[in-house]
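Since the structure comes first, as structure tokens, the remarks are kept for the end.
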Amino acid sequence: MKKIPAGILIVDDDLDILVSARIFLKQHFQQVNICQDPKELHGIVTQGETDIIMLDMNYRKGTNDGKEGLYWLKFLQETDPTLIVVLMTAFGDVELAVESLKAGATDFILKPWNNEKLLATLSAAWKLRSTGKKLQKAEQVQESLQQDLLGTPPLLVTGHASAMTGVLHTIRKAAPTDANILILGENGTGKQVMAMEIHRLSSRSKDVFIHVDLGALHANLFESELFGHVKGAFTDAREDKAGRFELAEGGTLFLDEIGNLPLHLQSKLLHALQNLTISRVGESRARKVNIRLICATNMPLYDMVREGTFREDLLFRINTVEMVLPPLRERREDIQQLSEHFLGQFNNKYRKHLSLHKDAREALLRYPWPGNIRELQHVVERAVIMAEEDDIREGDLHLSSRKAEAEPAGAAAAQGLDLSNMEQQLIKTALEKHKGNISKAATELGLTRAALYRRMEKFGL
């Protein structure tokens, strides 16, 4: 029979009870220790090998009021709040049992005990202890991941450009509040990084940051992913599942690419945001949620409202505070510092010690950066990998080839500055370059596959 991997400590002044309990429990638990004097508890508990303590209520002859047991219960809670304490006494005093449970004991058993009942009580106590340990570990892992995720964001190691002044001021004012924030900007300008920074500076920074890419979310899975579902709600619903709203409880919910959300799903999202309640698919009851909402898109939401493809009431709901991230071409003062930041990051990643040569720095400043910060990051990473010398030269950046690839779209745009025509030409160019590979074309354009498909349908490509 496999033993339960728990450490049991029995504390009682009666040696016969200690010995008999130990003989029985050692058949079922990995470690069983005994103690006659509760004054030894501190030394035993601080060794960290005890999970459950069976604690007698009375130690002095002639006393049966249980005050000693309650005293040592309080002592144990102050020493290690995660310990499971089961109190025991030879006197069946109901009021004492209630008082001990209120004071924090997990359970209460009477002496002499029934072995089967004792085993059941301690087994249940161990399940509670192990669940607490898993939860504690999960919280530590989450905290560690959040710290890694929300470290110094690349966008905000800068801020010298005048174009960023207003954005940084808005962040400082809005981040500490719970106001809904809408972040607008071209692909690659750092909208997700900005959302993470807002969360990091908020009062919710110790709680979770949940990112949802609405552009990649299939319409049929929208409600299940955002609101959750109950077992049996649909064919593949084999168990209850919490949605992103519930997972973000107490923290920040970041809805990326909200402009790609189909019109018929916008009303469902609006209802959840208006009432801060959701209902899992297949469930009738409403669940309250406590989240801070940040949304982002590269699409022209105000034009979409006029065209009837985006709900005006939803726009008003999500943009209590609005900020527009400038493209990299409008913040050239930041290019050098961003480049150095990425260089340090990738030197560390690839175990190199490269520097940027003067001609490389000048080339980075001249380049128009249609892909913004994301493109700069990619260029620096590739250069770190491919550089032959101790420093990165202009040729290692391969910016001339990138510029040549972008010229067909630029030539088309020069014939007429129509945004729709430019977008269509860019998509055609990307599809031709990657021989129809949707995934590669979408990555090149800074879009999700779903977003690229929608644009292809729009232009009949």
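Things worth noting here:
- Rounded tilt (10° steps) of 67-79 against the dominant C-alpha axis of the chain: 20 degrees
- Simple point charges give the picture: +1 on the Cβ of Lys and Arg, -1 on the Cβ of Asp and Glu, and for the chain a dipole about the Cα centre of about 640 debye.
- Convex hull projection area averaged over all views, the stretch 2-104, Cα basis, nm²: 6.5 nm²
- Applying the criteria of a DSSP loop state and at most 14 other Cβ atoms within 10 Å to the trypsin sites (Lys or Arg not before Pro) of the stretch 1-58 yields 2, 3, 26.
- Summarising the label geometry, the points placed 7 Å from Cα in the beta-carbon direction at residue 169 and residue 213 lie 3.5 nm from one another.
- Within straight-line cross-link reach of residue 2, lysines at Cα separation under 18 Å, skipping those fewer than 8 residues along the same chain: 26, 127
- Rel. contact order, % - alpha carbon contacts under 8 angstrom, at least six apart, the chain: 12 percent
- Over all pairs of different C-alpha atoms, the chain has a mean inverse distance whose reciprocal, the Kirkwood radius, equals 27.3 Å.
- Where labels lie 7 Å past Cα in the beta-carbon direction, separation of residue 82 and residue 26 in nm: 2.8 nm
- Rh (Kirkwood; distinct C-alpha pairs) - the stretch 322-407, Å: 13.2 Å
- Extent along principal axes [Cα atoms of the stretch 161-230; Å; largest to smallest]: 47, 28, 16
- Rounded to 5, percent antiparallel among DSSP beta bridges of the chain: 10 percent
- Contour minus Cα-Cα distance for residue 275 and residue 220 (0.36 nm per residue): 17.5 nm
- When Rg and the Kirkwood Rh are both derived from Cα coordinates, the Rg/Rh ratio for the stretch 212-292 amounts to 0.94.
- With the simple model of a label 7 Å out from the Cα in the direction of the Cβ, residue 67 to residue 454 spans 7.2 nm.
- Distance between the C-alpha centres of the stretch 38-66 and the stretch 169-191: 55 Å, rounded to the whole angstrom.
- A Förster radius of 51 Å, combined with the Cβ-Cβ distance separating residue 389 from residue 322, puts the computed FRET efficiency at roughly 0.65.
- Length released on extending from residue 239 to residue 435, taking residue separation times 0.36 nm less the Cα-Cα span: 66.4 nm
- Length gained when the stretch residue 423-residue 177 is fully extended (0.36 nm per residue, less Cα-Cα span): 84.9 nm
- Counting only DSSP H runs of at least 4 residues, each contributing -39500 (n - 2.57), and dividing by the residue count of the chain, the helix-based mean residue ellipticity at 222 nm comes to -14500 deg cm²/dmol.
Every number here is computed from the coordinates shown, using simple stated rules; none is lab data. Fair warning: this is a prediction, and the values are worked out from it, not measured in the lab. For neighbour counting, all protein chains shown are included, and Cβ atoms are generated from backbone atoms with ideal geometry for every residue, glycine included.
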